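Data first, discussion second: the structure below is written as structure tokens.
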Amino acid sequence: MKIVIGSDHAGYELKEHLKKAVKELGYDIEDKGTDNPDVSVDYPKFAESVAKEVANGKGKLGVLVCGTGMGVSIAANKVKGARAAVVYNEATAKLAREHNNANIICLGGRELSKEQGKKFVKLFIETPFSEDERHKRRIKEISDLEK
Ligand code: RB5
């Protein structure tokens, strides 16, 4: 199972930490950049790159990191099929999967510790969608908005 990861300069440090953590959990990682924390870059292109790889099914889930998690989330959600959720505690890490069937976790590199980031990503990856009818219906209503 491949996890696709990306960040801007503000998320680079947490991204590098999460790459190791995700590999330790036994998943393959594809890193879409950025590769240099000292160069300021625009987060939408990294969000697009991760979101497209997840939406086309080549990546199972995505991890995006910027300063707050919000910019990458807003950008990723413009890609059809992406459901990117800003996660900021253990409950949102689980509920993003259980209720929203989110396929991309968005984290704030300037807001979270490395340990928090690792814990949230592990929970996100390991929590399945609930498959409850009411949640399925709502996910379909979201997909319908893309038409
Ligand atoms: C970059 O300074 C910062 O604006 C960006 O990483 C992100 O937090 C935007 O949402």
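Every number in this text was worked out from the coordinates using simple rules, so none of it is lab data. Since this is a predicted model, take the numbers as computed values, not measurements. Every residue, glycine among them, receives a Cβ derived from its backbone with ideal geometry; neighbour counts consider all protein chains shown.
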Query raised in the report: When all alpha-carbon pairs of segment 86-147 are counted, what percent fall beyond 20 Å?
Result: 31 percent
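At most 11 other Cβ atoms within 10 Å plus a DSSP loop assignment makes a site exposed; report the longest stretch of the chain without any exposed GluC sites (Glu not before Pro).
1-130
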Query raised in the report: Please state the equivalent ellipsoid semi-axes for segment 1-73: what are the square roots of 5 times the Cα gyration tensor eigenvalues, largest first, in whole Å?
Result: 19, 14, 9
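Quick one: net charge of residue 52's neighbours, Cβ under 13 Å, K/R +1, D/E -1?
Neighbour charge sum, excluding residue 52 itself: +2.
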Requested in this report: Indicate the gyration tensor shape class of segment 46-108 (rounded, prolate or oblate), computed on the Cα atoms with a ≥ b ≥ c the square roots of the eigenvalues: a/c under 1.5 is rounded; otherwise a/b larger than b/c is prolate and the rest oblate.
Outcome: oblate
Query raised in the report: In square nanometres, what is the average projected area of the Cα convex hull of segment 2-145?
Result: 7.5 nm²
Report summary line: Burial-style ranking of 103-109, 78-84, 34-40, average other-beta-carbon count within 10 Å with highest first, yields 103-109, 78-84, 34-40
Query raised in the report: If you average the sequence gap of Cα pairs under 8 Å that are 6 or more apart and divide by the length of segment 2-145, what percent do you get for the contact order?
Result: 25 percent
Requested in this report: Enumerate the residues in segment 81-111 having an amide nitrogen under 20 Å from the point lying 7 Å beyond the Cα of residue 131 toward its Cβ.
Outcome: 94-103
Query raised in the report: Based on Cβ point charges of +1 for Lys and Arg and -1 for Asp and Glu, what charge dipole magnitude is obtained for segment 20-132 about its Cα centre, in debye rounded to the nearest 20?
Result: 100 debye
Query raised in the report: Where in segment 1-65 are there trypsin sites (Lys or Arg not before Pro) that are in a DSSP coil and have at most 15 other Cβ atoms within 10 angstrom of their Cβ?
Result: 58, 60
Report summary line: From the cross-link list 119/140; 52/147; 58/119; 52/140; 23/78, the entries with a Cα-Cα span beyond 26 Å are 119/140; 23/78
